[in-house]
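Note sheet for the following structure.
Where a number appears in this text, it was derived from the coordinates with a stated rule and is not lab data. Being a predicted model, the structure only gives us computed values, none of them experimental. Ideal geometry is used to build each Cβ from the backbone, glycine not excepted, and the neighbour counts take in all protein chains shown.
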Amino acid sequence: MKDLMQSVELGVSQRKGVNVTGPKVWLKNEVVRVGLAESLCTYVMMVFGLGSVAQVVTGQGAFGEYLSINLGFGLGVAMGVHVGGKVSGAHMNAAVSLTMCTFGRLAWKMLPVYVFAQLLGSFLAAGTIYAVYYEAIYDYCGGNLTVTGVKATAGIFATYPAPYLSLLAGFIDQVFGTAMLLLCLMALSDQKNKPAAAGSEPVAVGLLVLLIGISLGSNSGYAINPTRDIAPRVFTAIAGWGSDVFRAGNGWWWVPLAAPPIGGVLGAGLYKALVEMHHPPLSEQGEGLLKEETAPLRKQENICANVCV
């Protein structure tokens with residue numbers, strides 16, 4: 001009730017033109033603020049994503065299907081961008097952070113901060129979903145936590161390849177999926193091309209992740225994100241699934257760890273080489289177009305520095 005009254009008083013004061021003192025900024029250290037925001041937005045994204053998988057698996061199809069998992073991760077990414085987009089940029093993906101460093105859009109000294117924050121957020125999200133779905137998981141598998149088989153549950157938390165997929169094909173799959181992610185993120189951020197409208201970036205990025213899931217996800221679960229995969233995998237190893245989480249799929253664990261960073265740099269580099277580098281100089285595009293393009297550049301930051309995936 002006290003909070004409600006304070007909110008009402010704040011609204012009345014604003015309507016009357018009274019200056020209201022805002023809350024003090026307690027954390028002035030940029031590295032700490034960025035780390036906390038990146039951890040939280042990654043946590044939010046992973047809770048919704050892993051939760052959607054847990055609901056489908058333990059519900060045996062009664063509470064969703066493959067599409068609902070794609071929607072869960074897509075909408076989770078969108079919510080994550082809302083949570084941390086203006087503070088850390090809401091990368092939520094080490095491949096995105098590495099690519100931004102490679103192309104000079106993020107300082108290299110910040111890369112460890114982002115990676116640690118993403119690992120922490122993903123690990124805590126895995127623990128949260130395990131706690132929330134603990135009884136459902138044990139009811140589903142009869143208390144036998146397995147990585148493979150009919151009642152396997154490790155796939156709730158980390159990705160595993162389809163039985164037919166070789167390590168080479170899986171590596172290519174992850175490189176290509178991440179390349180498409182970063183290529184499209186570069187396009188969404190390109191103010192001289194057709195960027196996402198201001199304010200619509202979270203939805204645009206969420207739809208991009210949804211698109212990748214429904215078109216490139218069946219081979220190995222479209223991890224396209226090293227920190228998203230390895231942190232929950234480590235959690236499952238600790239929580240009872242054991243070392244099989246690293247042996248399954250012919251030692252699949254290293255593929256979603258190594259392939260996405262390569263794909264991210266390749267995808268962003270491809271867009272830059274074929275599109276971004278060839279925009280005409282602003283001086284050649286006329287006064288009207290000049291005003292149209294330079295205004296957004298002054299007013300908003302590059303989306304690739306502000307979003308994940």
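Things to note:
- Residues of region 107-125 classified as in contact (Cβ under 8 Å) with a residue 60 or more places away in the chain and either surrounded by fewer than 22 Cβ atoms within 10 Å (Cβ to Cβ) or among the aromatic types (Phe, Trp, Tyr) (or both), total: 9
- Scan of region 135-151 for residues that are of a type in the set (A, V, I, L, M, F, W, C) and surrounded by 10 or more Cβ atoms within 10 Å (Cβ to Cβ), ordered by number: Ala136, Ile137, Cys141, Leu145, Val147
- Selection count, region 209-221, where residues are surrounded by 23 or more Cβ atoms within 10 Å (Cβ to Cβ) and under 12 Å from the mean Cα position of the chain (by Cα): 1
- Thr178 meets each of the listed conditions (1) part of a helix (DSSP H, G or I); (2) without any contact (Cβ under 8 Å) to a residue 24 or more places away in the chain; (3) of a type in the set (Val, Ile, Thr) apart from (2).
Conditions (1) farther than 23 Å from Leu98 by Cα; (2) among the β-branched types (Val, Ile, Thr); (3) without any contact (Cβ under 8 Å) to a residue 40 or more places away in the chain, marked per residue:
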site: Leu188; (1), (2), (3): no, no, no
site: Lys194; (1), (2), (3): yes, no, yes
site: Ser200; (1), (2), (3): yes, no, yes
site: Val205; (1), (2), (3): no, yes, no
site: Ile224; (1), (2), (3): no, yes, no
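- Any hit, region 123-135, residues being β-branched (Val, Ile, Thr) and farther than 19 Å from Pro232 by Cβ: no
- Which listed residue is aliphatic (A, V, I, L, M) and outside any helix (DSSP H, G or I), from Ile238, Ile230, Ile224: Ile224
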